[in-house]
Amino acid sequence: MPKVTINGQVYEAAKGKTIIQVADDIGVQIPRYCYHPDIGIEGSCRMCLVEVKSAPKLLPACATPVTENMDVRTDTQRVHEAVRYAMEFLLLHHPIDCPVCDQSGECWLQDYYMAHAGHDSRYPLGQKTRRRKAFNLGPLVKLDQERCILCTRCVRFTRHVTKTNEIQVFNRAHNSEIGIFEDRPLNNPYSGNVVDVCPVGALTSADFRFKARVWFLKGTDSVCAGCSTGCNLRIDHTARAAGGGIPGYTATDGKIYRTVGRRNVEVNKSWLCDEGRLSFHTLERWPRLRQASVRGKQQPVSALLPVIHANFESVRSDHGDDAVAALASATNTNEGLFLMKKYFKGRLDFRLGREVEQYQQQQDELLRRYDKHPNTHGALDLGLAGGLGGLRRLRDLAEKKEVRGMWISFHPQLVGEDAPEIIEDLKRLIEALEWSVVCTTHDFGWAHEADFLLPMAAWAEEKGTYTNYAGRVQIANRAVMPAGDAEPLHVLMAELLNLSGVEVPTDPAAIFEWIASEVPGYGGLDYDAIGPSGAAVAPVPEEVLR
Amino acid sequence: MTPVSGGYAVDVPTINVSERARGEHATIWSTFRAFAVTLRRLFTSLFKGDIPTINYPEESRPYSERFRGTHILTVRDDGSLKCVACYMCATICPAECIYIEAGEHPNPEIEKFPTRFDIDMMRCIYCGFCVDACPEEAIIMSREHHQSVYERSETIYGIEKLMARPGIDAKGPGYRPNRPMAEAKIFKKQEQQTCPFPSHIEERHPAVLYESMIRRRG
């Protein structure tokens, strides 16, 4: 463990780390463009130059490993001047089209110019080199060569992370520019990440292009619900996340504009797959279910819940406890599923298809997994894969009239399509049941066959925890308000439990406390202590899986 | 300057109000004096033609070149909107009355243009910050200030109304960065028969406009 002095403070750093990594760990800001912790070292931007006592020249902090008794200074006049000149060169041919650039507001050129440069350009605007603007690299990425500073983060991303090598540096010296080969567009399943890693406005998202200026957006840390990997992301959305204002006039429910990868070394590093990145559009694919209804007649949710509870009670008393069952969705949070298990006394299942076999299978080498539900592991941990045996078996039970009343919660897959046979089975299940409650997010035609239809908050509209494929509990926060009268599942279940005489809190943190006290593996976990990067639970025992 | 008694730095005459009222006490003489003033005014306006009254609204006083009336969106030489939808005006606007939606311009040099640009004139406080913030001289103010409409929704001006509406020519431009317009000009119907991008202007509803205003309060 070499002892390193940075700006007069002595730190112990792990051997082999570079100066910039040590500085990041201890919170010393070193400007950089080309260095990205998950892509690797290039040393081309010359922004991270620091003064090291024993070295005659300034050294790039990103490429210099720390050594014993190294004395680093990041705040001397020499360093300031070096950064200032580096900035002047980088901005020499910059078109200064910030007003139309989607990156402005989160552009590192803007930030570092204000922090370290602040010079007037010595190059007249009319004489700057013009290059190609706004052309498509692939379906999701647009390139503007004028704004590019050739940090080659995108080149190294396709070289080291996706290993597809679509983006390259073409030509030499002043003529060098980022580009793709004519017949090979940037269309790998992770192409959106080059937009995230680009520190300037050279690579911008075609999906988010001109939708909003970033300073109008509010970021909410969350977890992707596209598959069981549970990649960490930030939801950028508008509007308040909690009520107020005049409904329909000054109050809005908020709108999600984009999602951006959030770094979590344990799960997804900094990356997101394109499907997951665009998965929030799935919520707009169908019209949302906004109001509860009883056989087509609209009713307020609060009036319906006592009726539903009374119905379940009467089925239980007429045909025994086993006549009531529930089908959960592995896209719901642990909190919702846990309360659901409590209300239905363990007679529930969540398996629609082959989730349990698939949730740990990788679809590719990077992130994606075959199971497109974010909380399959959590549902297994809570013991939801019991004797009921999944959707197919529940349908058989209903057809044999062993199950008469059922609660079916359904959340569509955010990535890909739900298998048609699942929808077919759901239809047959509802037909076979004596009476049914369907609690869903969107206005699906098949759901109207049910006696009771309840709107449920979708992903990004509720707060709670998901447990990813590796058993990592992560918090998904609420970014926007639920559509219409929709409520999160844990709120609905808490109200039903209250009706049956069990006092239940509606706050996810309090419910999680309950989970921690009962579910094996979750003991010792605390909602507030999970934090932005999640916490691991103990592995699922084999007998629970079966 | 030394302070005098009473704390004033200068010598302020004190007025005894009751004394003054006694002096101006209405008598028969003061009544006739007042009639005389009226008569004198009547004859000067009748025979000398010196009428101070303006027959508003047929006539109006000349307004300052810097008058901040309803906005004008300026155009390029080819008659297309100068605006590049950078949202600087919407960002600076203290009344949060500007709503913009941007689209892809066919020319990559321009790149961006507004497919929708709404100003809620009832919310606007006519501060002129949008004009100051604009990097393109694309929004200026006019000397027009009439707001007589039948419905509240008509006070939300869209692109068409902001760039070409009757009355802009008559009143002329108001507050703007350059006195003779340097980079842009005001759209004139005679030069260009069709308004560019009319198809983008759709039915507007106030609730949609307010979505942009709520953004920053979240």
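The values are calculated or read from the model by the stated rules, or taken from the named source; none is laboratory data. Just so we're clear, the structure is a prediction, and the values are computed from it rather than from any experiment. Every residue, glycine as well, gets a Cβ built from its backbone with ideal geometry; the counts of neighbours run over all protein chains shown. With ligands, DNA and RNA removed, areas are computed over all heavy atoms of the protein, side chains included. Shrake-Rupley method; radii C 1.70, N 1.55, O 1.52, S 1.80 Å.
Residue count for the range A:191-214, restricted to those that are touching a Leu at 6+ places or on another chain (Cβ under 7 Å) and within 14 Å of chain B (Cβ to nearest Cβ): 4. Output the residues belonging to the range A:41-62 that are open to solvent by 30 Å² or more (accessible area, probe 1.4 Å) and under 28 Å from A:ASN268 (Cβ atoms). Within the range A:41-62, A:ILE41, A:GLU42, A:SER44 qualify.
The number of residues in the range A:288-318 that are touching a His at 6+ places or on another chain (Cβ under 8 Å) and surrounded by fewer than 17 Cβ atoms within 10 Å (Cβ to Cβ) comes to 1.
Matching residues to (1) away from every other protein chain (no Cβ under 14 Å); (2) among the charged types (D, E, K, R):
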{"position": "B:GLU59", "(1), (2)": "yes, yes"}
{"position": "B:PRO62", "(1), (2)": "yes, no"}
{"position": "B:HIS71", "(1), (2)": "yes, no"}
{"position": "B:ASP78", "(1), (2)": "yes, yes"}
{"position": "B:LYS82", "(1), (2)": "no, yes"}
{"position": "B:CYS86", "(1), (2)": "no, no"}
{"position": "B:CYS89", "(1), (2)": "no, no"}
{"position": "B:ALA102", "(1), (2)": "no, no"}
{"position": "B:HIS105", "(1), (2)": "no, no"}
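Of the residues in the range A:500-507, none is part of a helix (DSSP H, G or I), modelled with pLDDT under 95, of a type in the set (Gly, Ala, Ser) and surrounded by fewer than 17 Cβ atoms within 10 Å (Cβ to Cβ). Residue selection: B:GLU154 fails the criterion of being crowded, with 16+ Cβ neighbours inside 10 Å and outside any strand (DSSP E or B).
Residues in the range A:356-381 that are open to solvent by less than 10 Å² (accessible area, probe 1.4 Å) and of a type in the set (D, E, K, R): A:ASP371 alone.
Annotation note: Cβ proximity below 8 Å between a residue of the range A:509-521 that is free of Cβ contacts under 8 Å to residues at least 12 places away in the same chain and a residue that is open to solvent by 20 Å² or more (accessible area, probe 1.4 Å) (sequence gap 6+ or interchain) occurs for A:ALA516/A:GLY523; A:ALA516/A:GLY524; A:ALA516/A:LEU525; A:ALA516/A:ASP526; A:SER517/A:GLY523. When A:GLY346, A:GLY353, A:GLY386 are screened for being at pLDDT below 90, open to solvent by 10 Å² or more (accessible area, probe 1.4 Å), assigned to a loop (DSSP other than H, G, I, E, B) and farther than 26 Å from A:ALA310 by Cα, only A:GLY353 passes.
Within the range A:254-287, being open to solvent by 70 Å² or more (accessible area, probe 1.4 Å) and within 14 Å of chain B (Cβ to nearest Cβ) holds for one residue alone: A:LYS255. Filtering the range A:132-177 to residues that are within 14 Å of chain B (Cβ to nearest Cβ), touching a residue at least 12 places away in the same chain (Cβ under 8 Å) and part of a strand (DSSP E or B) leaves A:ASN136, A:LYS142, A:LEU143. Of all residues in the range B:40-53, none are within 14 Å of chain A (Cβ to nearest Cβ) and farther than 17 Å from B:ALA133 by Cα.
Condition (residue is under 23 Å from A:LEU203 (Cβ atoms), in a loop (DSSP other than H, G, I, E, B) and of a type in the set (Lys, Arg)) applied to the range A:49-62: is it met by at least one residue? No, because not a single residue in the range A:49-62 is under 23 Å from A:LEU203 (Cβ atoms), in a loop (DSSP other than H, G, I, E, B) and of a type in the set (Lys, Arg).
Within the range A:168-216, being among the basic types (Lys, Arg) and open to solvent by 60 Å² or more (accessible area, probe 1.4 Å) holds for A:ARG172, A:ARG184, A:LYS211. The listed residues are A:ASP97, A:ASP102, A:ASP38, and the only one of them that is within 14 Å of chain B (Cβ to nearest Cβ) and surrounded by fewer than 21 Cβ atoms within 10 Å (Cβ to Cβ) turns out to be A:ASP97. When the criteria are applied in full, B:CYS134 fails the requirement of being in contact with a helix residue (DSSP H, G or I) (Cβ under 7 Å, 6 or more places away or on another chain), closer than 24 Å to A:LYS142 by Cα, modelled with pLDDT of 90 or more and within 11 Å of another protein chain (Cβ to nearest Cβ).
Mind checking whether some residue in the range B:26-44 is modelled with pLDDT under 75 and of a type outside the set (Ser, Thr, Tyr)? Within the range B:26-44, one or more residues are modelled with pLDDT under 75 and of a type outside the set (Ser, Thr, Tyr). Restricting the range A:470-479 to residues that are out of contact with any Lys or Arg (no Cβ under 6 Å at 6 or more places or on another chain) and open to solvent by 10 Å² or more (accessible area, probe 1.4 Å) leaves a set whose member that is nearest to A:GLY336 (Cα to Cα) is A:ILE475.
Which is touching a Ser or Thr at 6+ places or on another chain (Cβ under 7 Å) and surrounded by fewer than 18 Cβ atoms within 10 Å (Cβ to Cβ), of A:ASP71, A:ASP75? Answer to the selection: A:ASP71.
Residue selection: B:ILE156 satisfies the criterion of being within 14 Å of chain A (Cβ to nearest Cβ) and β-branched (Val, Ile, Thr). Note on the range B:60-131: no enclosed strands (runs of 3 or more DSSP E) hold 2 or more residues that are touching a Phe, Trp or Tyr at 6+ places or on another chain (Cβ under 7 Å) and open to solvent by 60 Å² or more (accessible area, probe 1.4 Å).
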